[in-house]
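Accompanying notes for the structure given below.
The values are calculated or read from the model by the stated rules, or taken from the named source; none is laboratory data. Model, not experiment: these values are computed from the prediction. In this analysis, Cβ positions are derived from the backbone assuming ideal geometry, glycine residues included, and neighbour counts consider all displayed protein chains. For the accessible areas, the whole protein counts, side chains as well, though only heavy atoms, and no ligand, DNA or RNA atoms are used. Shrake-Rupley method; radii C 1.70, N 1.55, O 1.52, S 1.80 Å.
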Amino acid sequence: MAARPNNKAPHRLLAPIVSAVLLAALAGIGTLRPSPPQGVDAYITRIVAAIDDTPYRIGHWTGRDLTAPPTEAVDMLRPSRVLHRGYAHDGTPDAARLVIVHCPDVRDMAGHHPPNCYPATGWTAIGTETFTLDVFGREQTLALHRFSRQDAGTRKTITVASGFIVPDNDDTLIPSMEELRSVSENRRRTKLGAAQMQIIIDRNAQQDEIRTVAATLLPALEPVVNRVTEGVE
């Protein structure tokens, strides 16, 4: 009688291979979903306090709080804090608007990226560029977006200058969502969150104008930048 083949050896080899794959998958999940670092709650509390302390008077500009963002936007962003303030200048009310948002999870910031959030509320992108500005002790690059929409028979245009801030990043603004993902990937930074600043002019402003407004308003936000970039010990 012919000997029966021994099928046990392949099974004995398969078991450790399956175990190794499962361990690798679990390790990957741990990397993709890191636990929040110790001290993150106190860190976010300091950021919120710095945002709340943003001055109403900046040079010759005077601010007033504007309406809070829609509930659905807050639900989407899950922010630690949202500041929305209009600043008057030379007798013009809300000559520029300032928005500061901090989210505890970097991934939620995608919903506040101008190319995402403005089209979601009916605006059409009509142009994107970048510009540089010396602020916070170094040359910064900010994104400049323009959007338009038809409102009650009138075509409206807005100009938005924006930049992200992340921990442990040398006080440097990040102009795009792609760069934000790049500096935050595979790091505890994801669970330390990010902030974004926007300066909004409710018309099609030239780059030189919004550069001048940004050069006036942004230095007053240095305490917010410092709190975000310091991270946790």
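Determine whether the stretch 142-158 contains at least one residue that is within 20 Å of P37 (Cβ to Cβ) and aromatic (F, W, Y). Looking through the stretch 142-158, none of the residues is within 20 Å of P37 (Cβ to Cβ) and aromatic (F, W, Y). Within the stretch 97-154, the residues that satisfy the criterion of being among the hydroxyl-bearing types (S, T, Y) and open to solvent by less than 60 Å² (accessible area, probe 1.4 Å) are Y118, T132, T141, S148.
For V74, are the conditions met, namely being surrounded by 12 or more Cβ atoms within 10 Å (Cβ to Cβ), at pLDDT below 95, closer than 18 Å to V160 by Cα and under 17 Å from the mean Cα position of the chain (by Cα)? No: the conditions fail for V74.
Taking each residue of the stretch 32-45 that is on the phi > 0 side of the Ramachandran plot and looking for partners that are modelled with pLDDT under 95 with beta-carbon atoms closer than 9 Å, six or more apart or interchain, yields G39/V232; G39/E233. Within the stretch 181-208, if we keep just the residues that are closer than 19 Å to V135 by Cα and assigned to a helix (DSSP H, G or I), the residue that is least open to solvent (accessible area, probe 1.4 Å) turns out to be Q207. Looking across the stretch 193-230, the residues that are under 21 Å from H112 (Cα atoms) and touching a Leu at 6+ places or on another chain (Cβ under 7 Å) come down to A194, M197, I199, I210, A214, L217.
Of the strands (runs of 3 or more DSSP E) entirely within the stretch 76-177, those holding at least 3 residues that are among the basic types (K, R) occupy 138-151.
The set of residues in the stretch 214-233 being surrounded by 14 or more Cβ atoms within 10 Å (Cβ to Cβ), hydrophobic (A, V, I, L, M, F, W, C) and outside any loop (DSSP other than H, G, I, E, B) consists of A214, L217, L218, A220, L221, V224, V225, V228. Given the criteria within 24 Å of T212 (Cα to Cα), open to solvent by 70 Å² or more (accessible area, probe 1.4 Å) and either modelled with pLDDT under 90 or in contact with a Lys or Arg (Cβ under 8 Å, 6 or more places away or on another chain) (or both), does D65 qualify? So D65 fits the description; yes. Do we have any residue at all in the stretch 190-198 that's closer than 24 Å to C103 by Cβ, of a type in the set (K, R) and modelled with pLDDT under 90? So far as the stretch 190-198 goes, yes, one or more of its residues are closer than 24 Å to C103 by Cβ, of a type in the set (K, R) and modelled with pLDDT under 90. Being within 18 Å of L83 (Cβ to Cβ) and either in contact (Cβ under 8 Å) with a residue 60 or more places away in the chain or assigned to a helix (DSSP H, G or I) (or both) is a property that R211 lacks.
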